[in-house]
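The structure under discussion appears below in the form of structure tokens.
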Amino acid sequence: MDVNLKSNPENIRISQRWLRRCAGAFFALLALVLLINVASFGLNNSDDDWVVLSSAAKQSPREFSHTITGLAQKNMHVWRDVAGTVRGLRMRYSSNYGPNIKPGCDGWLFLGDEFDERGKDVANGLLRIDILKAVAQELKQKQVRFQIVVVPDKSRIEQQHLCGQKRPDSFLLRKDRWISAAHQAGLSVLDFSEVLAKTPQDSFYQTDSHWNEIGAASAANELARVLNLKSTVQLPSVATVHQERLGDLLKIAGVNELPRFLRPATEIVQFSQIPPVPSAGSDLFDAAGLPDTVLIGTSFSLRGNFLGFLEYATGRQIANVAVDGGDFDQSGRQYFMSQAWHEQTPKIVIWEVPERMLEIPFKAREQAWLQTLTSRK
């Protein structure tokens, strides 16, 4: 039988006592933290600070305010520690990592942008297809092979770890819709979703928004297969070790600023030592000895040892011009405006695009670049 607290005064009194105890315990803990930090002020600062503080009471209000402000700025770490402790308690006991992080099961974290519909529009994705189409036409004139690859959202592939977090319905067909439009525009697009979903282990880091080495290696092997670039170079085996790694989602949440006793457990992940591909005596390089394959992309091309696995799978060195935090366009825009592009024409250009960036707001710099590209026709 359901209990109606509104009709039971005794239950109300019990509930109120329980809430007061919880609140009291919480503020007692905050007071303890503040006391520890004030003690830290006394242990870590010179006697001069205490002399200044004790004499402040004799000052005028204006001088007093100036003195206290100066001491606060000098000893800001005290208040940062208090704020960090509150944030750590919130993370540990309520799984609240801030507005940009979505918690899943068993310590799994997801980027909030993968659940946020604001600013996402099909028209933005079509404009980016226009950019890629203009680039493809220019590459075709130079007889350069152009391959686009799409990295699906972590929350799409690792759905078993979402535990109650629901992706917007509008995102269900977003990736396939964009790829279909790109194919209709004559672009060659490889979707990594299937190969990442088939890996026997997780394809993404637990506390990071990017793929791990298992996912990156699977994607690299699939790309090498599609490009028909099987390595003919005899290379040593890949050696692996396991080490701690602080994921970018924990960094976004500010975990590195927390007291150590409140930090979540650090993820233990695989790090591979991939033997380099030799460059001497190969026809895969131009006269200047530079790689004839270029990788344009985002932070995914800089995580999970993707470049190393791709070079290992294809047996060729690859020029990685990916930009960390550069969104859809920055890497490609910088490369095609660079001296390297104007002085050397590659044989293959790969452009890596994350699903979460397909329909984000179309920036003014993208619009300007699109106008430049289309004006060359």
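Quick notes
- Any hit, region 177-185, residues being touching a Pro at 6+ places or on another chain (Cβ under 7 Å) and under 26 Å from residue 336 (Cβ atoms): no
- Screening the candidates 145, 118 for the property of being of a type outside the set (Val, Ile, Thr), surrounded by fewer than 17 Cβ atoms within 10 Å (Cβ to Cβ), in contact with a strand residue (DSSP E or B) (Cβ under 8 Å, 6 or more places away or on another chain) and at negative phi yields one hit, 145.
- If you go through region 311-356 and keep only what is touching an Asp or Glu at 6+ places or on another chain (Cβ under 9 Å), among the aromatic types (Phe, Trp, Tyr) and closer than 28 Å to residue 237 by Cα, you end up with nothing.
Per-residue answers, yes or no, for (1) part of a strand (DSSP E or B); (2) at pLDDT 95 or above:
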residue: 183; (1), (2): no, yes
residue: 190; (1), (2): yes, yes
residue: 240; (1), (2): yes, no
residue: 250; (1), (2): no, no
residue: 265; (1), (2): no, no
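- On the stretch given as region 328-366, residues that are among the acidic types (Asp, Glu), under 16 Å from residue 135 (Cβ atoms) and surrounded by fewer than 18 Cβ atoms within 10 Å (Cβ to Cβ) total 0.
- Tally of residues being among the polar types (S, T, N, Q) and in a helix (DSSP H, G or I) across region 304-337: 4
- All of (1) touching a Gly at 6+ places or on another chain (Cβ under 7 Å); (2) crowded, with 17+ Cβ neighbours inside 10 Å; (3) at pLDDT below 95 hold for residue 279 with one exception: (2).
- Scanning region 140-175 for residues that are part of a helix (DSSP H, G or I) and more than 17 Å from residue 218 (Cβ to Cβ) gives 140, 141, 155, 159, 160, 161, 169, 170, 171, 174, 175.
- Criterion violated by residue 233 - all others in (1) in contact with a Leu (Cβ under 8 Å, 6 or more places away or on another chain); (2) surrounded by 14 or more Cβ atoms within 10 Å (Cβ to Cβ); (3) farther than 20 Å from residue 328 by Cβ satisfied: (1)
The values are calculated or read from the model by the stated rules, or taken from the named source; none is laboratory data. Nothing here was measured: the structure is a model prediction, and the numbers come from that model. As a convention, Cβ positions derive from the backbone with ideal geometry for all residues, glycine included, and neighbour counts pool all protein chains shown.
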